[in-house]
Amino acid sequence: MHLAQVNIAEMIAPINDPVMAGFVNNLDRINALAEESNGFVWRLKGDEGNATAIRVFEYDFLIINMSVWEDIDTLFDFTYKTAHVEILKRKKEWFHHMKNMHMAFWYVENGHHPTPLEAKLRLEYIRKHGETPYAFTFKSRFSIEELKSYEPKS
């Protein structure tokens, strides 16, 4: 099995606003870095090569990032041990602080590319039930074995 991830962010301005230029100008570089990273499998993207135009939520200022990785360690390494971390450090320039959980990880069968609806459901689940083997973050790092014995709550 592979690890899927979703991360949403609330922009402080429309994507084409000059305030967002620092983020937009780094998208292609960081997405290419992800695709070249050890353990990368897939990422959600639209015609423009990224996911900023894909609307999953009714609020236009929420953008989504989804990807699939071989395992949690390769996702962690990309997130915190590459140039991606430079963008994370600057996120306050472009995004509001989100009070609700804005990320979730879950396991998918090899070859499966999760849909934005699947991601939305995992986010709703983690917000309602907290971290479980069904939806978790780096903090919990649930294993595939733990998922096999877990019954998701309704």
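The values are calculated or read from the model by the stated rules, or taken from the named source; none is laboratory data. Not measured: the values here are computed from a predicted model. With ideal geometry, Cβ positions are generated from the backbone for all residues, glycine too; neighbour counts draw on all protein chains shown. Remember, those area values only see protein heavy atoms, side chains included, never the ligands or the DNA or RNA. Shrake-Rupley method; radii C 1.70, N 1.55, O 1.52, S 1.80 Å.
Filter region 114-134 down to the residues that are open to solvent by less than 50 Å² (accessible area, probe 1.4 Å) and within 12 Å of the chain's Cα centre (by Cα) and list them by number.
114, 116, 119, 122, 123
Which residues, counting only those in region 36-54, are surrounded by 14 or more Cβ atoms within 10 Å (Cβ to Cβ) and in a loop (DSSP other than H, G, I, E, B)? Give the steps one after another, and end with the answer.
We begin by selecting, within region 36-54, every residue surrounded by 14 or more Cβ atoms within 10 Å (Cβ to Cβ); these are 37, 39-45, 50-52, 54.
Once the filter is applied, which keeps residues that are surrounded by 14 or more Cβ atoms within 10 Å (Cβ to Cβ) and in a loop (DSSP other than H, G, I, E, B), region 36-54 yields 37, 39, 44, 45, 50, 51, 52, 54.
Look at region 80-104 and say how many of its residues are touching a Lys or Arg at 6+ places or on another chain (Cβ under 8 Å) and either open to solvent by 40 Å² or more (accessible area, probe 1.4 Å) or farther than 22 Å from residue 150 by Cβ (or both). Break it down stepwise before answering.
Initial filter on region 80-104 (touching a Lys or Arg at 6+ places or on another chain (Cβ under 8 Å)): 83, 100-101, 104.
Now narrow it down to the ones that are either open to solvent by 40 Å² or more (accessible area, probe 1.4 Å) or farther than 22 Å from residue 150 by Cβ (or both): 83, 100-101.
Number satisfying all stated conditions: 3.
Looking at region 33-82, which of its residues are at pLDDT 95 or above, farther than 19 Å from residue 136 by Cα and out of contact with any strand residue (DSSP E or B) (no Cβ under 8 Å at 6 or more places or on another chain)?
Passing the criteria: 33, 36, 37, 38, 81, 82.
When you go through 107, 150 one by one, which is the residue that is part of a loop (DSSP other than H, G, I, E, B), farther than 23 Å from residue 11 by Cβ and open to solvent by 20 Å² or more (accessible area, probe 1.4 Å)? Let's see the steps before the verdict.
Working: 107 fails: part of a loop (DSSP other than H, G, I, E, B).
Answer to the check: 150.
Yes or no: residue 66 under 13 Å from the mean Cα position of the chain (by Cα) and not basic (Lys, Arg)? Show your work before the answer.
Values: under 13 Å from the mean Cα position of the chain (by Cα): yes; not basic (Lys, Arg): yes.
Criteria met by residue 66.
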